[in-house]
Amino acid sequence: MLDVNKIRSDFPILQKEVYPGVPLVYLDSAASSQKPLPVIEAMNDYYRQTNANVHRGIHALSEEATNAYEGARERIARFINAADPAELIYVRNATEGFNLVAYSWGRANLKAGDEILITAMEHHANIVPWQILAEERGVVVRHLPFLPNGTLDLEKLPQLLTEKTKLFSFTAVSNVFGTVNPVKQLVDAAHSVGALAMVDAAQAVPHLPVDVQAWDSDFMAFSGHKMCGPTGSGILHGKRHLLEAMPPFMGGGDMIRRVTLEGSTWNELPHKFEAGTPGIAEGIGLGTAVDYLTELGMENIHAYEQYITNYALEALSEVDKLQILGPSAAQRGGVASFTIEGLHPHDIAELLDKDGIAIRAGHHCAMPLHHELGINSSARASFYIHTTTEEVDKLVASLNRAKKIFRL
Ligand code: C6P
C-alpha cells in the first residue's frame with residue numbers, strides 16, 4: 001500500500017485553504033494532476049542552473065541542457081517499455097499526438113473510402129482530428145458502441161472492424177466511465193484485419209503499468225500534466241518503421257538535416273517530428289515525474305486507486321437519487337462520474353466548491369458519450385495517489401448537504 005500521508009507532504013498545494021478555514025479537497029486529477037515537490041524543484045533547478053537551448057550550442061550549458069532533456073526521454077521510454085527512446089516524440093499533450101498522426105500518417109496513407117474505427121467513449125482529442133481528416137479526404141469514421149455498464153460492446157467489433165479499416169484508435173481508460181479497456185485484445189483485433197492500432201493512454205499512463213511492447217500498439221499518446229508532470233509536456237510513441245516512413249508534421253529548426261533555398265531533407269528520429277525549440281523544462285519535469293511515479297511503483301499506484309475507487313463507489317451508492325456511470329471498481333480506474341436526479345452537475349460542482357472540494361462538471365470533452373447516455377453532462381470525482389478515505393467522506397457529506405439545499 002502507498003504511504004498516502006507521506007505522499008501528501010510531497011504536494012505543497014494540498015496544504016492550501018481554498019477559502020479561509022476551508023482546506024482543498026482535490027478530486028479533479030483526471031483533468032490535471034497536482035505536482036509533487038521533486039517535479040517543481042527539477043524545473044526550478046533547470047531555470048536556475050542549466051537553462052540553454054538544446055541540440056544547438058557547443059557550450060557547456062547547452063550540452064548540460066541537452067543531456068537533461070534527452071536523459072528524460074530515455075527514462076520515459078523505459079517507463080512505458082518502448083524499444084527505443086527515438087520512438088518517443090515530445091509533444092505538448094495527448095491532443096497534439098493524435099493530430100500529429102492524423103496529419104502526418106493519415107494524410108500520407110489514407111484515401112477516400114478507407115475507414116477509421118474509434119469508440120463511442122472517446123475524448124474529443126481522439127474524435128475530432130479523424131473527423132477533420134475524413135472531411136478532407138473522404139475517409140469514413142465509424143464507432144464501436146458501449147454497453148449500458150460503460151464497457152465496450154465487443155460483440156459488435158467483427159462487423160465494424162473490417163478489411164476497409166486502416167486504423168483503430170481507442171482509449172485505454174475512459175475519462176468518464178473509468179473503464180479499463182482490453183488494450184491488447186483490441187490491438188490484436190486491429191492487426192488481424194491489417195489495420196494499425198492507436199491507443200489513447202492519457203488516463204492510463206498516470207495510473208497503471210503500461211508496456212507498449214506488450215500492447216504491440218502502433219501509436220500511443222499521453223499527456224504529462226495528468227501524471228504529476230508539467231503542462232505543455234506529453235509523448236507520442238510510434239513504432240520506428242512507421243515513424244521513419246511518415247512525413248514531418250511541422251517544418252522548422254531542429255527537424256532538418258540540410259536546407260537549401262530549393263528544398264530540405266529531414267533529421268533522424270525523433271527530431272524529424274520536433275520542429276523548433278521544444279519545451280525543455282517541461283521534458284525535464286516529465287522525466288522527474290516518471291522518476292517519482294516509478295519510485296512509488298505503478299502496481300502499487302494501481303492497487304491503491306482500486307481501493308480508493310471501490311471505497312468511493314460504495315460510499316456514493318448510499319446517496320439517494322445518485323446514479324454512478326460506468327462499471328464496477330474491478331473494471332475501472334480512479335474515476336467516478338455520476339448524476340443526481342433533479343440537480344444539475346454544475347450546481348453540484350458549485351456547491352461542493354464551497355466546501356473546498358474540486359470536481360469536474362460538464363461533458364468532460366466526451367460529448368458523444370453523454371449523448372449516447374441521453375444526458376448533456378455529469379459530475380466527476382477523480383482520485384489519485386494522495387486521495388484519502390476522509391476526502392471521499394467529505395465528498396459524500398457535501399453531496400448530501402447540496403441535496404438538502406435543493407430539497408431533494
Ligand atoms: N481529459 C479530462 O478532464 P490533453 O488535453 O491533450 O492533455 O488530453 C486530452 C485527453 C485525451 N484523452 C483522454 C482519455 C483524456 O482524458 C484527455 C484529457 C481531461 O478528462 C481534460 S479535457
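The values are calculated or read from the model by the stated rules, or taken from the named source; none is laboratory data. This one's a predicted model, so the numbers in the text were calculated from it and none came from an experiment. So basically every Cβ, Gly included, is an ideal-geometry build from the backbone, and we count neighbours across all protein chains shown.
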Which residue pairs have Cβ atoms under 7 Å apart, sit 6 or more places apart or on different chains, and have a first residue in region 224-238 that is hydrophobic (A, V, I, L, M, F, W, C) and a second that is assigned to a loop (DSSP other than H, G, I, E, B)? M227/S33; M227/V205; M227/P206; C228/S33; C228/K35; C228/P36
Name every residue in region 188-206 that is within 11 Å of the ligand (Cβ to nearest atom) and under 15 Å from S169 (Cα atoms), in order of residue number. V199, D200, A201, A202, Q203, A204
Matching option when the condition is within 16 Å of the ligand (Cβ to nearest atom) and surrounded by fewer than 14 Cβ atoms within 10 Å (Cβ to Cβ), among H370, H346: H346
Hey, does region 241-258 have a residue that's under 23 Å from the mean Cα position of the chain (by Cα), at pLDDT 95 or above, part of a strand (DSSP E or B) and not β-branched (V, I, T)? no
Mind listing just one residue for me: the one in region 95-104 that is within 16 Å of the ligand (Cβ to nearest atom) and small (G, A, S) and, of those, nearest to S32 (Cα to Cα)? G97
In the set R73, R107, R56, R92, which member is within 16 Å of the ligand (Cβ to nearest atom), closer than 18 Å to A275 by Cβ and among the basic types (K, R)? R92
Considering only region 133-143, I want to know if a residue exists there that is within 16 Å of the ligand (Cβ to nearest atom) and surrounded by fewer than 22 Cβ atoms within 10 Å (Cβ to Cβ). yes
I'm checking my understanding of the structure. Among residues of region 199-220 that are more than 13 Å from the chain's Cα centre (by Cα) and in contact (Cβ under 8 Å) with a residue 60 or more places away in the chain, which one is farthest from G326 (Cα to Cα)? Q213
